[in-house]
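**Student:** I'd like to ask you about the structure that follows.
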Amino acid sequence: MTLQASSSSVKATTQNKGGLASISLSAGLMAAVLAYPLLLSSYQMDVARDALIFALLALSLDFLWGKAGVLSFGQAAFFGMGAYAVAIVGPMVPNDNGALAGMVTGIGLAVLVSGIVGYFLIYGGVRGAYLTIVTLALTLIARNVATSWASVTGGEAGLIGAPPPGLSIGGWSVTASDSVSLYLVVAIVLSVTLTALWAASRGRLGRVLTAIQDDEAKARALGYDTSGYLLAVFVLSSGLAAIAGGLYASAAGYVAPDLVGLLLSTQAIVHVAFGGRGTLIGPVLATVLVIHVQQEVSSFSYALWPLLLGAFFIAMVFLFPKGLLPLISDLVHRLVPRRDRGGTA
Amino acid sequence: MLSVDNLVASYNAGPVLQGVSLSVQAGEVVALLGRNGVGKSTLLRTLVGLVPSWNGSIRIDGTPLAPIATHDIARMGMALVPQGRGIIGKLSVADNLRAAMRAAGSRPALSIDQAIAPFPALREKLPAMAGTLSGGQQQQLAIARAMVGRPKVLLLDEPSEGVQPNIVQQIGQLVRKLADESGLAILIVEQNLELALATANRCIVMAKGRIVHSGPPDEFRNEAVLRRHLAL
C-alpha cells in the first residue's frame, strides 16, 4: 500500500515536471516564432504579421472546436464583421482612435449576432453537424451582405482607408503605422489571447468543457448549465474572430469581400486540424508554418500550392489525424526513454 | 423525500413511462426491479430531467421539479450515477470530483478528502486519468462524485454492471451505509438480484411503464414471486 502510494506520488510529480517542461518548451517556441520576423525585411514582416492575424483566427476557432467540440464555419463571418467595422466606422472617428472605435463596433456586432443566433440554436438543442451547417450559412450570408450592400461595404471592390491601430487621449496620441510597430501590436494581441485562453482552459472552465465534450447529458446532471457554457464560448470565439478581422483591416488598410468567404473559414479549420485540435498553441504554430510554406511554394509555382495543400491534408488524416503538436509529443515520448524523463516504469 | 406521482414520459414515439407513482423516504433504499426494456433507466433519466415528462409530478421535499432544467434539478439535490458509470475519462480522478462541486448548489460541497473517505483505493489514484481506472474503481469514483454535491436523493443505475463480485458486495454495503448515515433517499436499478435484495428496504417492480408491485425484499426470495413478477 505504502509503496503504491509513493510510486503514485512520484508519478504525479513527474507529470507536473513534464507539464512544466512542455509549458516552457511551448512558451520558448512561441517566443522564437514571434521574435524571428523582427530580423527580416519589412515586406516579410508584413507577411508574418498577416500570418499571426490568421493564427489568431485559428486560435478563436480552436477554443470553440477544440475545447467545446463545436465545429464552426462561421469564423469568416465574424472576422468580416471586425474587418468591415474598422473600415467603415474607423474613418468617421477623429484623431487616432478610428481603429479602436471600429474594433469595438466590430466586436460588439459579432457578440450581438453570435449571441442571438447562438442563443436560439444552442438553447434550442441544436448540436453537432446541424449547428455546423447553420454557421456555414452565417458565412454565406455575410459574404452576400459584403458584396451586395455596396453603398456601405463598397461591394466587390471593397473599401480602402481603414485607419491603422492607434490611441489618442487628450493631447497625447500614438499610432502603429510602420511594419515593426504593426507587427508588435499583432504579436502582443495574439500572445495575450493565447495566454488568457490557455489559463482559462486549465481551471474550472476547462474541466466543464471537457465534461461537455465527453457527454453533455452527464455534465448537465452534475449541475452545469451546459447550454450557457457553450453559448459563452461561441460568443467569445466570435468576438476573438472579430478582433482578428479588425486587426487585419487596420494593418492592411483595406477590406475586400474575398476575406469573408468560406475559403477563410475552411483555412482556419485546416490550420486547427493540422496544429492539433484543442492544443491552442498548435493551431497558432501550424498557421505560421502553413503560410510560410505557402509563400515559398507560390514563389516558384502559383498553381502548385492548392494541390500540395490538398494532398498534404489527405496524408495528414491518414498519418497523424490528431495533428502536428500531438504527433510531436507522441514522438518525444517514444524517442526519449521513460527513465530519462524520470518516469516510473 | 422523493415522491413521484402519475409520471408520463417518452423519448419520441409512444410513452415509455405510462403513469409511474412511487416514493422514497429519507434513509430508505428502494430497489427498482423489472425486465429489460420496461423503462427503468428512462424513469431515472426522467427524474433528473434528461427525458421530458408530459404529465405527472416529481417532488423533492414537496418542491415540484417538473419544469426545471437538469442542471437546476442536480443543484436541488438529485444525483444520478448513470449506467456505464458516467465518469469523465479525460479528466483526472481529482478533477472528476472537483467538477461535481457545482451540483452542491447553495449547500457546501464535500471536499475531495471527504468524498473519497469511503474509497481508500481512490486516494492514490487522484492524479490518474479516470479513464485508466478499473471498472470497479470507476464505479466507486462515480458514487464518490455523486456524493460531492451532498445530494438528498441518489439514483443508481445498475452499479454492479461490469464490476467484479467482491467489489459488488462492497458497493452494496456502502449504499446501505450512505442511506443509514447520511439520511439519503436512494433509488437503485439493479439486475443483480442479490445486491438489490441485500441493500433495499423495499422493492418495487416495473412492467410496461408502470409500477405493478411493491413489497419487502424477503418476499422476492420466493421463487414463485420472482417468476410471477420478473419471469425468472
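**Student:** Of A:Leu263, A:Leu247, A:Leu194, which residue is surrounded by fewer than 19 Cβ atoms within 10 Å (Cβ to Cβ) and either on the phi < 0 side of the Ramachandran plot or within 14 Å of chain B (Cβ to nearest Cβ) (or both)?
**Tutor:** That would be A:Leu263, the only listed residue that is surrounded by fewer than 19 Cβ atoms within 10 Å (Cβ to Cβ) and either on the phi < 0 side of the Ramachandran plot or within 14 Å of chain B (Cβ to nearest Cβ) (or both).
**Student:** Still on this structure, please answer the following. Confirm whether B:Leu17 is at pLDDT 90 or above and crowded, with 16+ Cβ neighbours inside 10 Å.
**Tutor:** yes
**Student:** What do you reckon, is B:Gln169 closer than 26 Å to A:Gly206 by Cβ, part of a helix (DSSP H, G or I) and away from chain A (no Cβ under 13 Å)?
**Tutor:** On the way: closer than 26 Å to A:Gly206 by Cβ: no; part of a helix (DSSP H, G or I): yes; away from chain A (no Cβ under 13 Å): yes.
No, not satisfied.
**Student:** Are any of the residues in the stretch A:226-239 touching a Lys or Arg at 6+ places or on another chain (Cβ under 7 Å), over 25 Å from A:Val89 (Cβ atoms), at pLDDT 95 or above and within 11 Å of chain B (Cβ to nearest Cβ)?
**Tutor:** The answer is yes, given that some residue of the stretch A:226-239 is touching a Lys or Arg at 6+ places or on another chain (Cβ under 7 Å), over 25 Å from A:Val89 (Cβ atoms), at pLDDT 95 or above and within 11 Å of chain B (Cβ to nearest Cβ).
**Student:** Checking B:Arg176 against (1) of a type outside the set (Ser, Thr, Tyr); (2) in contact with a strand residue (DSSP E or B) (Cβ under 8 Å, 6 or more places away or on another chain); (3) surrounded by fewer than 22 Cβ atoms within 10 Å (Cβ to Cβ); (4) under 28 Å from B:Val8 (Cβ atoms): exactly one of these is not met. Which one?
**Tutor:** With respect to (1) of a type outside the set (Ser, Thr, Tyr); (2) in contact with a strand residue (DSSP E or B) (Cβ under 8 Å, 6 or more places away or on another chain); (3) surrounded by fewer than 22 Cβ atoms within 10 Å (Cβ to Cβ); (4) under 28 Å from B:Val8 (Cβ atoms), B:Arg176 is out only on (4).
**Student:** Here is a further query. Collect the residues in the stretch A:17-41 that are surrounded by fewer than 13 Cβ atoms within 10 Å (Cβ to Cβ) and over 20 Å from A:Thr195 (Cα atoms), keeping them in residue-number order.
**Tutor:** The answer is A:Leu39, A:Ser41.
**Student:** A further question on this structure: Taking the stretch B:45-61, which residues are polar (S, T, N, Q) and over 12 Å from B:Asn6 (Cα atoms)?
**Tutor:** B:Thr46
**Student:** Out of curiosity, is A:Gly98 of a type outside the set (A, V, I, L, M) and either on the phi > 0 side of the Ramachandran plot or at pLDDT 95 or above (or both)?
**Tutor:** Numbers: of a type outside the set (A, V, I, L, M): yes; either on the phi > 0 side of the Ramachandran plot or at pLDDT 95 or above (or both): no.
No, not satisfied.
**Student:** Then there's this: If you take the residues of the stretch A:266-289 that are under 21 Å from A:Ser179 (Cβ atoms) and within 11 Å of the chain's Cα centre (by Cα), which of them is surrounded by the fewest Cβ atoms within 10 Å (Cβ to Cβ)?
**Tutor:** Applying the filter and picking the extreme gives A:Thr287.
**Student:** Just checking, which of A:Ser181, A:Ser173 is over 17 Å from the mean Cα position of the chain (by Cα), more than 14 Å from chain B (Cβ to nearest Cβ) and free of Cβ contacts under 8 Å to residues at least 40 places away in the same chain?
**Tutor:** Step by step, each of A:Ser181, A:Ser173 is checked, and only A:Ser181 is over 17 Å from the mean Cα position of the chain (by Cα), more than 14 Å from chain B (Cβ to nearest Cβ) and free of Cβ contacts under 8 Å to residues at least 40 places away in the same chain.
**Student:** Can you report the number of residues in the stretch B:52-75 which are at the interface with another protein chain (Cβ under 10 Å from one of its Cβ atoms) and crowded, with 21+ Cβ neighbours inside 10 Å?
**Tutor:** Qualifying residue count, the stretch B:52-75: 5.
**Student:** Could you list, in sequence order, all residues of the stretch B:130-150 that are more than 9 Å from chain A (Cβ to nearest Cβ), at pLDDT 90 or above and touching a Gly at 6+ places or on another chain (Cβ under 7 Å)?
**Tutor:** Scanning the stretch B:130-150 gives B:Ala130, B:Gly131, B:Ala142.
**Student:** Is it the case that the stretch A:69-81 has a residue that's within 14 Å of the chain's Cα centre (by Cα), in contact (Cβ under 8 Å) with a residue 24 or more places away in the chain and closer than 13 Å to A:Val284 by Cβ?
**Tutor:** The answer is no, given that none of the residues of the stretch A:69-81 is within 14 Å of the chain's Cα centre (by Cα), in contact (Cβ under 8 Å) with a residue 24 or more places away in the chain and closer than 13 Å to A:Val284 by Cβ.
**Student:** A further question follows. Take the residues in the stretch A:101-110 that are in contact (Cβ under 8 Å) with a residue 60 or more places away in the chain and crowded, with 21+ Cβ neighbours inside 10 Å; name whichever of them is nearest to A:Leu247 (Cα to Cα).
**Tutor:** Going through the stretch A:101-110, the residues in contact (Cβ under 8 Å) with a residue 60 or more places away in the chain turn out to be A:102-103, A:106-107, A:109-110.
Right, trim to crowded, with 21+ Cβ neighbours inside 10 Å and you get A:102-103, A:106-107, A:110.
Details: A:Gly102: 10, A:Met103: 8, A:Gly106: 11, A:Ile107: 11, A:Ala110: 14 Å.
Restricting to residues being in contact (Cβ under 8 Å) with a residue 60 or more places away in the chain and crowded, with 21+ Cβ neighbours inside 10 Å, the top hit is A:Met103.
**Student:** Please specify each residue of the stretch A:205-238 satisfying the condition of being assigned to a helix (DSSP H, G or I) and more than 17 Å from A:Gly278 (Cβ to Cβ).
**Tutor:** Selection gives A:Ala217, A:Lys218, A:Arg220, A:Ala221, A:Thr226, A:Ser227, A:Gly228, A:Leu231, A:Ala232, A:Val235, A:Ser238.
**Student:** Is there a residue in the stretch B:5-26 that is in a loop (DSSP other than H, G, I, E, B) and under 17 Å from the mean Cα position of the chain (by Cα)?
**Tutor:** Yes, there is a match, as at least one residue in the stretch B:5-26 is in a loop (DSSP other than H, G, I, E, B) and under 17 Å from the mean Cα position of the chain (by Cα).
The values are calculated or read from the model by the stated rules, or taken from the named source; none is laboratory data. Values in this document were obtained by computation on a predicted structure and should not be read as measured data. Heads up, the Cβs are rebuilt from the backbone with ideal geometry, glycines too, and the neighbour counts pull from every protein chain shown.
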